[in-house]
1. Can you confirm whether segment 89-97 contains a residue that is part of a loop (DSSP other than H, G, I, E, B), open to solvent by less than 50 Å² (accessible area, probe 1.4 Å), in contact with a helix residue (DSSP H, G or I) (Cβ under 9 Å, 6 or more places away or on another chain) and modelled with pLDDT of 95 or more?
2. Residues in segment 59-79: is at least one touching a Leu at 6+ places or on another chain (Cβ under 9 Å) and farther than 30 Å from Met102 by Cβ?
3. For segment 13-71, give me each residue that is open to solvent by 70 Å² or more (accessible area, probe 1.4 Å), of a type in the set (S, T, N, Q) and part of a loop (DSSP other than H, G, I, E, B).
4. Does Ala51 qualify as being over 20 Å from the mean Cα position of the chain (by Cα), more than 30 Å from Lys2 (Cα to Cα) and modelled with pLDDT under 95?
5. Answer yes or no as to whether Ala80 is small (Gly, Ala, Ser), modelled with pLDDT under 90 and open to solvent by 70 Å² or more (accessible area, probe 1.4 Å).
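The values are calculated or read from the model by the stated rules, or taken from the named source; none is laboratory data. Being a predicted model, the structure only gives us computed values, none of them experimental. No Cβ is skipped: glycine too gets one built from the backbone with ideal geometry, and neighbour counts run over all protein chains shown. Accessible surface is based on the protein model in full, side chains and every heavy atom, while ligands, DNA and RNA are left aside. Shrake-Rupley method; radii C 1.70, N 1.55, O 1.52, S 1.80 Å.
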Amino acid sequence: MKAYSVDLRERAVASVESGECNIPAAARRYKVSAPSIERWLARKRSIGTCAPLPYAGGPTRKLASAEAVIRAAVKAQSDATLQELCERVEKETEIKSNSSMMYCELVRLKLPRKKSRSMPANGTHRG
């Protein structure tokens, strides 16, 4: 969800601080929740502004340090399954992962997921 604008936050906080209205009335007036206004007031009192905090970047990628190992594994065996790649990375780097983590890392690294041509054709026929 996108953060509320600084202007809206400041107007809501100013109306409560000036005594114009209480927190529930300000929440109804500005169409936000009362706990949001309480958080904005607390932030204004503690750090002097009710602006939203900057984006922290999210959680760190667990497989980021294994990039070279993943690239080498895909280059050596391009038709390996995600589970096989996870096992190989765990054996070489001791980083445990699952197939969804490996898939996301392959997408980030822009590595192909193609199988070898020696695989049998799909059993469904179009026609």
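1. In the first step, residues of segment 89-97 are kept if they are part of a loop (DSSP other than H, G, I, E, B); the result is 94-97.
Pick out the ones that are also open to solvent by less than 50 Å² (accessible area, probe 1.4 Å) and you get 95, 97.
Next, only the ones that are in contact with a helix residue (DSSP H, G or I) (Cβ under 9 Å, 6 or more places away or on another chain) stay: 95, 97.
From the residues that got through so far, the ones that are modelled with pLDDT of 95 or more too are none.
No: zero hits.
2. No, that holds for no residue.
3. Residues satisfying the conditions are Ser18, Asn22, Thr60.
4. Numbers: over 20 Å from the mean Cα position of the chain (by Cα): yes; more than 30 Å from Lys2 (Cα to Cα): no; modelled with pLDDT under 95: yes.
No: the conditions fail for Ala51.
5. Values: small (Gly, Ala, Ser): yes; modelled with pLDDT under 90: yes; open to solvent by 70 Å² or more (accessible area, probe 1.4 Å): no.
The answer is no for Ala80.
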